[in-house]
Each structure stands twice: as structure tokens, then as C-alpha cells.
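The values are calculated or read from the model by the stated rules, or taken from the named source; none is laboratory data. Just so it is clear, the model here is predicted, and its values are computed rather than measured. Here the Cβ positions follow ideal geometry from the backbone for every residue, glycine too, while neighbour counts run over all protein chains shown. Keep in mind that these areas ignore ligands, DNA and RNA; they rest on the heavy atoms of the full protein, side chains included. Shrake-Rupley method; radii C 1.70, N 1.55, O 1.52, S 1.80 Å.
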Amino acid sequence: MNRGNELLTIGELAARTGLSVSAVRFYEAKGLVHPIRTAGNQRRFLRADIRRVSFALIAQQLGFTLPQIAAELARLPEGRAPSAADWKRISQGFRDVIETRVAQLQRTLDDLDGCIGCGCLSLRKCALYNADDRAAANGAGPRFILVSRKVALGLD
């Protein structure tokens, strides 16, 4: 490894992040990392790219898409490792998205054994949850899962 040099080869970046070299190239093509080219046209990566790639791997595990990840990484400074403030700004945005997902999952769990607000009125309970199919006024599909029950019934 180039311990005395701040630049990493593509193989070194791959080894440090647990990716294959082809996956690093894929991330490059998607705009997640931006290598420096040598006079011989070889890729060299900054040590900060280890953090960028690691962030991308974690964000993917959390369900974020590559375009979403690339948009966040584009907000980070080029040429230096992101600061704690940089990461905090990104994490807050991701936290908001994750909290929304958690709330949606919780509504799904709460309603899993009962009415999901599809508007079908096929269950005896639907008359209680969605009398006169009020949820239909707020769109098609399982409105109680996609939005809160209060919003689906126009009570919010």
C-alpha cells in the first residue's frame, strides 16, 4: 500500500472497502467517486474516497438509491475528507427519510391483521375504519398505509 502517498490505486481502494475493482469502476461511472488520472491514464483515488465508498455501501443497505447517494456525496467537498459537520448534515437528511419509513412500517405493522385501507369494504371492520369509503377521496391504493389514517380520512 502507498502509505507515504495520499493516493490509492483502484485495487487498494477495492481492498480497503471490500468491493471488487469492477464495483469501484461502477461507482465511478455512477458519480460516487472521482479518480485522478495519472500520466499513464491509471486511476488514483484519495484516501477520503474510502469514506465516500463506505458511506455509499451503508446508504445502500439502508435502502437509498445510487442517485440519492450520489446527490448527497456531490454536496461533500472534493479533495479532502468530509468533516464531522459535513457528515452531520447528510445524516440529518437521511435520518428524516428513515424516520418517515419507520412510521410507514409501523402503520403497516399496526394494520397488518386488519384493514389496510384499500377501500374495498370487503371486511366487516372496513365500515369502522373507512365508513362510506372516505379514504378514496385521497387517492387510489392502500391509503392507510401510504399516509396516516387521519390524512386518509381527511381528518388532519
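Do we have any residue at all in segment 35-45 that's open to solvent by less than 80 Å² (accessible area, probe 1.4 Å), free of Cβ contacts under 8 Å to residues at least 60 places away in the same chain, in a helix (DSSP H, G or I) and not hydrophobic (A, V, I, L, M, F, W, C)?
Scanning segment 35-45, I find no residue that is open to solvent by less than 80 Å² (accessible area, probe 1.4 Å), free of Cβ contacts under 8 Å to residues at least 60 places away in the same chain, in a helix (DSSP H, G or I) and not hydrophobic (A, V, I, L, M, F, W, C), so the answer is no.
For segment 61-103, what are the residues that are over 24 Å from Arg44 (Cα atoms), under 15 Å from the mean Cα position of the chain (by Cα) and open to solvent by less than 70 Å² (accessible area, probe 1.4 Å)?
If the condition is that a residue be over 24 Å from Arg44 (Cα atoms), under 15 Å from the mean Cα position of the chain (by Cα) and open to solvent by less than 70 Å² (accessible area, probe 1.4 Å), then Gly63, Phe64, Thr65, Ile90, Ser91, Gly93, Phe94, Val97, Ile98 are the ones that fit.
Looking at Ile50, is it open to solvent by 80 Å² or more (accessible area, probe 1.4 Å) and under 18 Å from Val24 (Cα atoms)? Quick ask: steps written out before the conclusion?
Numbers: open to solvent by 80 Å² or more (accessible area, probe 1.4 Å): no; under 18 Å from Val24 (Cα atoms): yes.
Against the criterion (open to solvent by 80 Å² or more (accessible area, probe 1.4 Å) and under 18 Å from Val24 (Cα atoms)), Ile50 does not qualify.
Within segment 13-34, take every residue that is closer than 19 Å to Gly79 by Cβ and open to solvent by 30 Å² or more (accessible area, probe 1.4 Å) and give me the one that is modelled with the lowest pLDDT.
Filtering first and then ranking leaves His34.
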